1. Applying the selection to segment 87-115, what residues are out of contact with any Ser or Thr (no Cβ under 6 Å at 6 or more places or on another chain), aliphatic (A, V, I, L, M) and open to solvent by 10 Å² or more (accessible area, probe 1.4 Å)?
2. If you go through segment 203-236 one residue at a time, how many are surrounded by fewer than 20 Cβ atoms within 10 Å (Cβ to Cβ) and free of Cβ contacts under 8 Å to residues at least 60 places away in the same chain?
3. Can you confirm whether segment 45-63 contains a residue that is polar (S, T, N, Q) and at positive phi?
4. Answer yes if at least one residue in segment 182-198 is in contact with a Gly (Cβ under 6 Å, 6 or more places away or on another chain) and either surrounded by fewer than 18 Cβ atoms within 10 Å (Cβ to Cβ) or more than 20 Å from Gly143 (Cα to Cα) (or both), and no otherwise.
5. When you scan segment 243-254, do you find a residue that is in contact (Cβ under 8 Å) with a residue 60 or more places away in the chain, open to solvent by 10 Å² or more (accessible area, probe 1.4 Å), polar (S, T, N, Q) and more than 22 Å from Ser113 (Cα to Cα), even just one?
6. Taking segment 116-144, which residues are buried (at least 17 other Cβ atoms within 10 Å of the Cβ), under 18 Å from Ala172 (Cβ atoms) and among the β-branched types (Val, Ile, Thr)?
7. So, in segment 238-267, exactly how many residues are within 26 Å of Ala52 (Cα to Cα) and assigned to a loop (DSSP other than H, G, I, E, B)?
8. From the set of residues in segment 103-159 that are small (Gly, Ala, Ser), modelled with pLDDT of 95 or more and in a strand (DSSP E or B), which is farthest from Lys178 (Cα to Cα)?
Amino acid sequence: MATEGEVSRRAFLTGLAALALRRSSGQAAARASLAADPPVLTKRVQKLYKIAGCRQPNDLQFVADGLWVLDQVDPNKAFKVRPEDGSVIQELQTESIHGSGITYGNGALWIASTKMTDPATPPRTLKVDPKDGKTLKSWVTPGSGLYGNITPKSTVSGAHGLKWVDGKYWMAVPASGKLFLMEPESGEIVRSIPAPGVRTHGLAWDNGFLWCVESDGRVIYKLDPRDGAPVAKIQLTKQDPEPHGLDISNGVLWYCDAASSWICRLE
């Protein structure tokens, strides 16, 4: 038979557990509410320029000596341009097909080839020599598949945006519904977080937060990279160029639109 002290202790511990559960539930509910409707940041789209020879710019990557822009026209070329005016510094022919993501790290370009020359071959991620465009190594992109409005003519799609962060890179793979953090030299998945929507695209790293484009909704989400929770968003209008590729420079987001060819900046 339990003593009065034992009963009191048990009741006290039960009360603490209930309080912790209520707090946890409340925090989860608050986080879910924030994720469903994060604060909206007001930004003005500034259309900067179109790059000569680059017809379908599909992703962006700033580097020390310029801005890399990946053209989606097959087989894909990458253009290094001067950010201030879009003039071409370097034009690089790659082996990527329908490329949708480009980043730079470990002395190489990393490109998401969403398709392959042989449609039966799974999409691959390429490590590319930035001097001659040759593929140094490649591996099958995780999470590839069909997504969005699937029709009988739909084909498997791979990764979209890529972004190098601290020796690894983040990768958006729409068919998986996830953003993957990858080991670059092995193609192994470190971990993943939920994607904010269906047609995820360009990525940008901003002082510990991960920006991610959701092209169908014309939304750019700011995410907590620990769990993917949206903490803010930028909503573009139908009159603005559609967001595809994304990067950030000096705290300012830049994006490109493969449909209209515009390189844009958010002010």
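The values are calculated or read from the model by the stated rules, or taken from the named source; none is laboratory data. Being a predicted model, the structure only gives us computed values, none of them experimental. For neighbour counting, all protein chains shown are included, and Cβ atoms are generated from backbone atoms with ideal geometry for every residue, glycine included. Side chains are part of the model used for accessible areas, which takes the heavy atoms of the whole protein and leaves out ligands, DNA and RNA. Shrake-Rupley method; radii C 1.70, N 1.55, O 1.52, S 1.80 Å.
1. The answer is Val88, Ile89.
2. Adding up the residues that qualify gives 13.
3. No, because not a single residue in segment 45-63 is polar (S, T, N, Q) and at positive phi.
4. So far as segment 182-198 goes, yes, one or more of its residues are in contact with a Gly (Cβ under 6 Å, 6 or more places away or on another chain) and either surrounded by fewer than 18 Cβ atoms within 10 Å (Cβ to Cβ) or more than 20 Å from Gly143 (Cα to Cα) (or both).
5. The answer is yes, given that some residue of segment 243-254 is in contact (Cβ under 8 Å) with a residue 60 or more places away in the chain, open to solvent by 10 Å² or more (accessible area, probe 1.4 Å), polar (S, T, N, Q) and more than 22 Å from Ser113 (Cα to Cα).
6. Across segment 116-144, the qualifying residues are Thr125, Thr141.
7. 16
8. Ala108
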